[in-house]
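Visitor: First the structure, then my questions, so here it is.
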Amino acid sequence: MTLFEAHLDGQCGHARALTYETAHGSFQTPMFMPVGTRATVKGVQTPQLKDLQSQVVLANTYHLAMRPGADLIDEAGGVQKFMNYDGPMLTDSGGFQVMSLADTLKIDNDGLTFHSIYDGAKIRWTPESNMEIQQKIGADICMQLDQCAPYPAEKEFVRKSTTLSADWARRCLDAHTREDQALFAIVQGGMHLDLRLWSVDALKKIEEEHVAQGGRRFDGFGIGGYSVGEPHELMFETLGQVAQACPEDRPRYLMGVGNPTTLVKAVREGIDMFDCVLPTRTARMGTAFSHEGRMNMRNAKYVHDFGPLDPQCTCSTCQNYSRSYIRHLVKQGEMLGGILLSVHNLHFLLNLMREARQAVLAGEYEAFYEDWMNSPAANDY
C-alpha cells in the first residue's frame, strides 16, 4: 500500500473494515482515537498507549499553536518526536475551539480573528495560515479549517457557514503541500440533510477540479457539526445518508463522538473513525465504562467490592485493582484513581471497536449490533 491509500478489508451492510497507510504506519478501522489535546492523553503515558493498542492519537491545533507553538514543535522534529509517540497522529484544525470563543471571535470570508485564552493576544487565522501551522506540527493527518455551526441555529446561518467551509476547503487543498501528511475535508450542514448532501457534493467537485489541474484530492472525509448539543437520535436521522454519500474509497471520520452506543450505531451507518475526550474526562470525574453501563465509583456500594471494575475486561486496571480500591482513590482525590479509570475507559472503547472490526470481517456486524443494543449497557450511554 502507498501512503493514504485505504484498502477495504471487509464490509457487512454499510459497516466497513479498512486498512489505511500513513507515514507512521497503518491503522485499521473501525477505530477510536484517544484525544491528546496538548500532545498528551491526560493521565496516560505514551508507552501505555502502545499497551492499549491505540492506533491513532489526536492532538489539537489551537492549543498547540498557542502553547508551545508550532515552530517549537517543528524544531523538535514534529509532534510525534516531541511527545515520544511513534504511531500515527491526527490534528484537528482548532476551528471548533475557536468557534467556542464567541465573545471575541470575528469571522469573515477570508478567515478568523480571535483572542488567545492563554494571554489575550489577538490572533488571525486563514485557511492558508492554518495549513502552515498543521504542516509544522507534522501529524500524519490534518483537517481543513471549517466553521462549525452551533445547535440550535437558523438554517440560513447554517447554509452560510456550510458554504464558507466549502470555500475554505478549496483554499486548504490549494495551500497544503506536505506530501507525507494527509488532508481530510470536513462535511458540514448542521441537522439539515439537504445542506449535508450539498456539502459532500461541493467537496467532491472541489477535489475533482483540483485533480484536473494536476493537484491532489482529499485523503479522507471528516463529518463535523454533530454532537454539538443535539439529541443523538436527531443526528442519526441524517448521519447514515451523509456517510454513505461520502467517497467509498476513503475513511469517514465522525468528529467528537465517543459514546459507546453511538459508536456501535455509527459503524453500522458506514463510519470508520471516531474521537472524543469522553473516556478520559469521565474517568477524571470518577466514572467507569463497563458492559453493565456507567459506574459511578463514588457510590457506597463499591466499598466492600473487591472484584474488578468489569469482569469482561482485560485491561491492566481490571487485572490488578479492585472496585473497592479504585473507589477509595476517587473519594480521596488521589490522581491514581483518574489514571486507572482513564486506562480502563480507553481500553473499553478501543476494544469495542476491535470487536466491531472482527464482526465486520466475519460478516456478522448486524448480530454484533443487536447484541450490544440488547445489552444492559446500551441505554446507559
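The values are calculated or read from the model by the stated rules, or taken from the named source; none is laboratory data. The shown structure was predicted, so the numbers you read here are calculated from the model rather than taken from an experiment. Note that each Cβ is placed from the backbone with ideal geometry, even for glycine, and that neighbours are counted across all protein chains shown. These accessible areas exclude ligands, DNA and RNA; they are computed on the full protein's heavy atoms, side chains included. Shrake-Rupley method; radii C 1.70, N 1.55, O 1.52, S 1.80 Å.
Visitor: Evaluate segment 1-101: find the radius of gyration of its Cα atoms, find its Kirkwood radius, and give the ratio Rg to Rh. Intermediate results must be reported in sequence, preceding the final value.
Guide: Values: Rg = 15.0 Å, Rh = 14.8 Å.
Ratio of gyration radius to Kirkwood radius for segment 1-101: 1.01.
Visitor: Could you give the length gained on full extension between ILE107 and THR314, defined as 0.36 nm per residue of separation minus the Cα-Cα distance, in nm? Each step should come with its number before you reach the end.
Guide: Numbers: separation 207, 0.36 × 207 = 74.52 nm, distance 4.76 nm.
Residue separation times 0.36 nm, minus the Cα-Cα distance, leaves 69.8 nm.
Visitor: For the Cα atoms of the chain, what angle does the longest principal axis make with the long axis of helix 335-361, in degrees from 0 to 90, nearest 10?
Guide: 70
Visitor: For the chain, with only Lys/Arg (+1) and Asp/Glu (-1) charged at the beta-carbon, what is the dipole magnitude about the Cα centre, in debye rounded to 20?
Guide: Working: 35 positive and 47 negative charges, 235 e Å.
The dipole of the chain has a size of about 1140 debye.
Visitor: ASP371: accessible area at probe 1.4 Å, nearest 10 Å²?
Guide: Surface open to solvent at ASP371 totals about 110 Å².
Visitor: Can I ask one more? Would you mind computing Rg(Cα) / (2.2 N^0.38 Å) for segment 21-168, counting N as its residues? Intermediate results must be reported in sequence, preceding the final value.
Guide: Numbers: Rg = 16.1 Å, N = 148, 2.2 N^0.38 = 14.7 Å.
In units of the globular-protein estimate, segment 21-168 measures up at 1.10.
Visitor: I've got another one for you. How much length is gained on full extension from ASN299 to SER324, taking 0.36 nm per residue of separation minus their Cα-Cα distance? Could you put the intermediate results ahead of the total?
Guide: Numbers: separation 25, 0.36 × 25 = 9.00 nm, distance 1.01 nm.
Full extension of this stretch gives 8.0 nm more.
Visitor: What share of the DSSP beta bridges in the chain is antiparallel, in percent to the nearest 5? Could you put the intermediate results ahead of the total?
Guide: On the way: 19 of 42 bridges.
Roughly 45 percent of the beta bridges in the chain run antiparallel, per DSSP.
Visitor: Of LEU52, LEU336, which has the most accessible area and how do the rest follow, probe 1.4 Å? Show your work: numbers first, answer last.
Guide: Working: LEU52 10, LEU336 60 Å².
Putting LEU52, LEU336 in descending order of accessible area: LEU336, LEU52.
Visitor: Ranked from highest to lowest mean number of other Cβ atoms within 10 Å per residue, what is the order of the peptides 153-159, 74-80? List each step's numbers first, then the result.
Guide: Numbers: 153-159: 14.9, 74-80: 17.4.
Listed from highest to lowest mean packing, they are 74-80, 153-159.
Visitor: Moving to a separate point now. What figure, in Å² to the nearest 10, do you get for the accessible area of GLU366 with a 1.4 Å probe and non-protein molecules left out?
Guide: Accessible area of GLU366: about 80 Å².
Visitor: With only alpha-carbon pairs counted, each pair once and no self-pairs, how large is the Kirkwood hydrodynamic radius of segment 175-272 in angstroms? The partial results should precede the final answer.
Guide: Numbers: mean 1/r = 0.0711 Å⁻¹.
Computed over segment 175-272, the radius equals 14.1 Å.
Visitor: Now, a different point. Find out how many positive minus negative residues lie around ARG171, taking Lys and Arg as positive, Asp and Glu as negative, among other residues whose Cβ is under 10 Å from that of ARG171.
Guide: Details: positive: ARG170; negative: ASP110, GLU128, ASP167, ASP174.
It works out to a net charge of -3.
Visitor: Starting from the Kirkwood Rh over alpha-carbon pairs, what translational D in µm² s⁻¹ does segment 255-349 have by Stokes-Einstein at 37 °C and 0.692 mPa s? Can you show the working numbers first?
Guide: Values: Rh = 13.6 Å.
D = 242 µm²/s.
Visitor: Top to bottom by accessible area (1.4 Å), largest first, where do THR40, THR46 land?
Guide: On the way: THR40 65, THR46 30 Å².
Final ranking, largest accessible area leading: THR40, THR46.
Visitor: At q = 0.08 Å⁻¹, work out log10 I(q)/I(0) for the chain with the Debye formula, treating every Cα as an identical point scatterer and leaving solvent out; two decimals please.
Guide: Log10 of I(q)/I(0), two decimals: -0.40.
Visitor: If you don't mind, another one. Which stretch or stretches of segment 231-263 have amide N atoms under 17 Å from the point lying 7 Å from LYS205's Cα along the Cα→Cβ direction?
Guide: The answer is 246-247, whose backbone nitrogens lie closer than 17 Å to the label point.
Visitor: Another question, then. Identify the chymotrypsin sites (Phe, Trp or Tyr not before Pro) of segment 88-127 meeting these criteria: DSSP loop state and at most 10 other C-beta atoms within 10 Å of the C-beta.
Guide: Numbers: sites: PHE96, PHE114, TYR118, TRP125; in loops: TYR118.
Listed in order of number, the matching sites are TYR118.
Visitor: Report the Rg/Rh value for segment 308-381, based on alpha-carbon coordinates and the Kirkwood definition of Rh. Please list the in-between numbers first.
Guide: Values: Rg = 14.8 Å, Rh = 13.8 Å.
Dividing the radius of gyration by the Kirkwood radius yields 1.07.
Visitor: To the nearest Å, what is the center-to-center distance of segment 284-363 and segment 188-246, using C-alpha atoms only?
Guide: 35
Visitor: Further, regarding this structure: Provide GLU208, GLU21 ordered by accessible surface of protein heavy atoms (probe 1.4 Å), highest first. Write out the running numbers ahead of the final one.
Guide: Working: GLU208 120, GLU21 50 Å².
So, going from the largest accessible area down, we get GLU208, GLU21.
Visitor: Report the Cys residues of the chain lacking a disulfide-compatible partner, meaning no second Cys Cβ under 4.7 Å from their Cβ.
Guide: CYS12, CYS142, CYS148, CYS172, CYS246, CYS276, CYS315
Visitor: Turning to a different aspect of this structure: Which of TYR302, THR317, HIS347 sits farthest toward the positive end of the charge dipole of segment 295-355, with +1 on the Cβ of Lys and Arg and -1 on the Cβ of Asp and Glu?
Guide: Farthest along the dipole direction, towards plus: TYR302.
Visitor: Count the lysine pairs in the chain that are 8 or more places apart or on different chains: how many have C-alpha atoms under 16 angstrom apart? Write out the running numbers ahead of the final one.
Guide: Details: LYS42/LYS50; LYS50/LYS81; LYS81/LYS136; LYS106/LYS122; LYS106/LYS160; LYS301/LYS331.
Lysine pair count for the chain: 6.
Visitor: Which of the trypsin sites (Lys or Arg not before Pro) across segment 243-318 are loop residues per DSSP, with 15 or fewer other Cβ within 10 Å? Kindly include the intermediate steps, with their values, before the conclusion.
Guide: Numbers: sites: ARG252, LYS265, ARG268, ARG281, ARG284, ARG294, ARG298, LYS301; in loops: ARG294, ARG298.
Loop-located and lightly packed - ARG294, ARG298.
Visitor: Between helix 155-175 and the chain, what is the angle of the helix's C-alpha long axis to the longest principal axis, kept within 0 to 90° and rounded to the nearest 10?
Guide: With both axes taken from Cα atoms, the answer is about 80 degrees.
Visitor: Per-residue ellipticity at 222 nm for the chain, helices alone: DSSP H runs ≥ 4 residues times -39500 (n - 2.57), over residue total, nearest 500 deg cm²/dmol?
Guide: Numbers: 16 runs with 159 residues, N = 381.
Calculated from helices alone, the mean residue ellipticity at 222 nm is -12000 deg cm²/dmol.
Visitor: In whole percent, what relative contact order does segment 111-190 give with Cα contacts below 8 Å and a gap of six or more residues?
Guide: Values: 101 pairs, mean separation 27.5, N = 80.
For segment 111-190, the relative contact order is 34 percent.
Visitor: Measure nothing but the geometry: give the 0 to 90° angle between the long axis through the Cα atoms of 193-212 and the longest principal axis through the Cα atoms of the chain, rounded to 10°.
Guide: 60
Visitor: Taking only the alpha carbons of segment 250-307, what extent do you get along each of the three principal axes, in Å, biggest first?
Guide: Result, largest extent first: 49, 20, 13 Å.
Visitor: Here's a follow-up. So if I place +1 on the C-beta of Lys and Arg and -1 on the C-beta of Asp and Glu, and nothing else carries charge, what would the dipole magnitude of segment 65-198 be about its Cα centre? I want it in debye, nearest 20. Mind showing how you got there, number by number?
Guide: Working: 13 positive and 20 negative charges, 66 e Å.
Here the size comes out at about 320 debye.
Visitor: What relative contact order, as a whole-number percentage, does the chain give when Cα pairs under 8 Å and 6 or more residues apart are counted? Provide the component values of the computation, followed by the final result.
Guide: Numbers: 749 pairs, mean separation 69.7, N = 381.
It rounds to 18 percent for the chain.
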